[in-house]
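Where a number appears in this text, it was derived from the coordinates with a stated rule and is not lab data. A quick note: this is a predicted structure, and the numbers were derived from the prediction, not measured. Quick reminder, even Gly has a Cβ in these numbers, built from the backbone with ideal geometry, and neighbours come from all protein chains shown.
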């Protein structure tokens with residue numbers, strides 16, 4: 001039964017996983033990984049052939065490995081690592097939790113984690129982003145502190161936690177250091193002693209972290225300045241904190257964040273409402289893992305709740321600790337009330353909702369085969385749901401898998417078809433035809449990137465670097481998909497070369513030999529494919545300069 005459920009889960013995600021175009025940060029991650037494969041340089045991330053300063057390269061190494069193994073750079077391959085790591089994460093969470101709770105609670109917590117609405121629907125559909133992998137690494141960082149503390153193995157506690165901190169740093173930089181510091185604080189509160197911080201093994205852990213960082217940045221130094229890279233990584237992290245003008249609004253975050261967290265964990269976030277029943281309450285503080293989980297959440301979540309940018313993907317690492325509480329609550333109340341009866345009522349509402357939503361595709365064009373399959377599976381589980389008297393929670397989880405398949409097979413095509421923003425696959429194929437599948441360059445004046453620590457009241461450092469201006473990365477990605485040719489950036493128009501640009505970037509040039517154009521609604525400007533000529537040349541110095 002487990003293998004059937006796992007197969008259904010994987011199929012529900014893989015079906016149409018490559019249907020929608022890459023979006024958000026996905027094409028950026030894909031392009032950097034493709035450039036690494038083409039250049040053979042896995043140390044210095046590049047975009048359009050220019051140095052990319054905003055993120056370390058580790059997740060790009062993973063994407064590059066998937067692309068190399070599959071010999072494909074398609075959307076499905078770009079999103080596949082997130083599915084793999086979420087399943088591994090669920091497995092690790094089950095194995096780890098089972099050491100402190102019953103198999104039932106451990107399995108429920110793992111299932112709640114991988115079927116929660118945010119991760120299962122949004123996170124995996126936008127799997128080209130690094131957040132699921134990064135959250136998994138932070139999770140390993142956190143549980144290694146707790147697990148080896150319980151074993152009183154101080155050397156492994158610090159070595160493994162700082163090892164995962166280093167992996168996290170090479171994925172998303174300084175947030176991992178903050179997680180390490182705040183989680184050590186939660187461990188101090190858990191142990192009721194600061195002494196654990198002064199053990200010699202702590203120094204060994206720090207040295208492990210520094211050795212890994214030094215090894216990478218020494219290699220980076222062979223190609224470029226690691227100082228510029230590190231300063232910008234620090235600045236990228238500060239922008240999401242109260243030290244920066246770009247941090248979220250305090251009062252809006254106080255309200256929005258818990259609401260978003262609640263909706264992101266649906267339907268399992270409804271389980272804590274059982275606490276309002278007039279029944280004996282579970283004791284959370286008496287269990288060591290629950291007690292540590294409370295302290296970990298309290299010591300870390302305030303950064304995202306009060307001051308951060310409200311994006312749930314930044315908070316995925318808290319999910320397994322929350323789903324553990326959901327599982328404990330559910331199993332506890334199952335002893336006192338007929339939770340199957342409760343699930344039956346929830347099931348009625350759930351099924352009515354499904355029947356209503358399944359009617360919607362009749363008003364749109366959709367594939368009939370997946371629709372029939374969804375209806376048949378749903379009919380079977382409805383029958384089983386109301387016939388079964390025990391463990392109805394597992395059938396409830398199975399229905400969520402059916403809903404995910406319905407979402408992928410029926411609604412995703414409808415939503416994509418009705419999307420008003422620019423779709424890039426077709427126009428970039430047309431552009432490739434007009435360009436005879438030749439190498440294409442992006443022409444623009446470089447932007448100036450401050451290589452400084454930008455605090456709210458003061459800026460430390462006055463160096464700058466020239467970097468490509470921001471455009472939607474779907475353009476170079478889908479040109480690569482159409483031609484197999486990387487798009488590089490030029491700040492000088494050279495004779496007989498093929499270029500693309502947008503009207504704002506061409507405002508200071510003479511007329512160009514236009515070959516093709518389309519309106520990019522996201523850029524709110526015309527994409528223009530043109531051929532360079534002597535009349536449109538323009539020189540821009542591309543150097544790192546000091547103010």
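Things to note:
- Prolate/oblate/rounded call for the stretch 42-129, Cα gyration tensor, a/c under 1.5 rounded: prolate
- Pairwise FRET efficiency - residue 65 versus residue 263, Cβ, R0 = 30 Å, nearest 0.05: 0.35
- Taking every alpha-carbon pair under 8 Å whose residues sit at least 6 apart, the stretch 161-218 reaches a relative contact order of 46 percent.
- Computed lengthening from residue 336 to residue 394, 0.36 nm per intervening residue step minus Cα-Cα distance: 18.9 nm
- Estimated FRET transfer efficiency when R0 is 56 angstrom, pair residue 255-residue 439 (beta carbons, to 0.05): 0.65
- Treating r as the C-beta distance of residue 521 and residue 14 and R0 as 45 Å, the FRET efficiency rounds to 0.90.
- For the stretch 128-188, the pair-distance distribution built from all alpha carbon pairs, in bins 5 Å wide starting at 0, is 4, 21, 32, 23, 12, 5, 2, 1 percent.
- Spin-label pair residue 284/residue 210, simplified geometry with 7 Å Cα→Cβ offset, distance in nm: 3.9 nm
- Highest-first arrangement of 179-187, 218-226, where packing means the average Cβ count within 10 Å: 179-187, 218-226
- Computed Rg/Rh of the stretch 2-64, alpha carbon atoms with Kirkwood Rh: 1.15
- Distance between the 7 Å Cα→Cβ label points at residue 4 and residue 418: 3.5 nm.
- Considering only alpha-carbon pairs that sit under 8 angstrom and 6 or more positions apart, the relative contact order computed for the stretch 135-234 is 31 percent.
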